[in-house]
1. Name the residue that is surrounded by the fewest Cβ atoms within 10 Å (Cβ to Cβ), counting only residues in segment 25-37 that are touching a helix residue (DSSP H, G or I) at 6+ places or on another chain (Cβ under 8 Å) and closer than 16 Å to P3 by Cα.
2. Hey, A83 hits all of (1) in contact with a Phe, Trp or Tyr (Cβ under 6 Å, 6 or more places away or on another chain); (2) surrounded by fewer than 22 Cβ atoms within 10 Å (Cβ to Cβ) but one; which does it fall short on?
3. Which of the residues spanning segment 136-192 are surrounded by fewer than 13 Cβ atoms within 10 Å (Cβ to Cβ), of a type in the set (S, T, Y) and under 19 Å from the mean Cα position of the chain (by Cα)?
4. So, restricting to helices (runs of 4 or more DSSP H) that lie completely within segment 60-179, which ones have at least 1 residues that are of a type outside the set (D, E), in contact with a strand residue (DSSP E or B) (Cβ under 7 Å, 6 or more places away or on another chain) and within 29 Å of K35 (Cα to Cα)?
5. Can you tell me which of T154, T44, T60, T92 is farther than 29 Å from N9 by Cα and among the hydroxyl-bearing types (S, T, Y)?
6. Can you confirm whether D18 is at pLDDT 95 or above and more than 16 Å from the chain's Cα centre (by Cα)?
7. Given the structure, is L97 of a type in the set (A, V, I, L, M, F, W, C) and in contact (Cβ under 8 Å) with a residue 24 or more places away in the chain?
8. I need the full set of residues from segment 150-192 which are free of Cβ contacts under 8 Å to residues at least 24 places away in the same chain and aromatic (F, W, Y), in order please.
Amino acid sequence: MKPLKTLINARNITVPEDFFEKVEHYKTLLEKWNKVHNLTGAKTLHQIDEFIVDAITPLTFLPPLKKAMDIGTGAGFPGMILAIAMPQTHFTLVEPLSKRASFLQFVKADLELDNVDVKPLRVEQLESEPYDLITSRAVTDTGMLLKLSKPFCTEGTLLLFYKGEKVYDEIDKSLDYTIIEAENRHYLLIKR
């Protein structure tokens, strides 16, 4: 099992100096909370490391952004991890399950992440406002994600959906999109 730093460096992903310190603290908190609350299917540190690398791989192709939203953040993938890696971007993490939202709120406070807001709601309950980036991983199909994202899109909004191989069956060819393939993941990037 390779260390997280080695996995990230192998993909040429640039992260802030304090990223590894913060993410190791996040992993400790996740491991502790997961035993009691079953927040994620990632049970081993190796699986958590894989989820972290998966979450931040888009840093290799995303432009600088001011404001982002993650729909269905769960235990923090990808939203919390991206927020740690992108301190200049303000992230709104939308998670309706109270145990997961409580965990995200605890991580935000414990890591002093001023660039994070946790919304313990369904995305349909949020007030409409524009975002530069909207992400989602393992929530629903692309068509439904497009519908859920619509109130938060403006011209130039990027939609980044973490998908598997079935992404090719879900994509509307009339959209302005790119599919970036990585190991075990397809990143669907749609420009509005």
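The values are calculated or read from the model by the stated rules, or taken from the named source; none is laboratory data. In this text, all values refer to a predicted model and were calculated from it rather than measured experimentally. FYI the Cβ positions are ideal-geometry reconstructions off the backbone, even for glycines, and counts take in every protein chain you see.
1. Across segment 25-37, the extreme among qualifying residues is H25.
2. Only one criterion in (1) in contact with a Phe, Trp or Tyr (Cβ under 6 Å, 6 or more places away or on another chain); (2) surrounded by fewer than 22 Cβ atoms within 10 Å (Cβ to Cβ) is unmet by A83, namely (2).
3. Result: T178, single match.
4. Counting at least 1 such residues, we get 79-85, 98-110.
5. Going through T154, T44, T60, T92 in turn, the sole match is T154.
6. yes
7. So L97 does not fit the description; no.
8. Within segment 150-192, Y168, Y177 meet the criteria.
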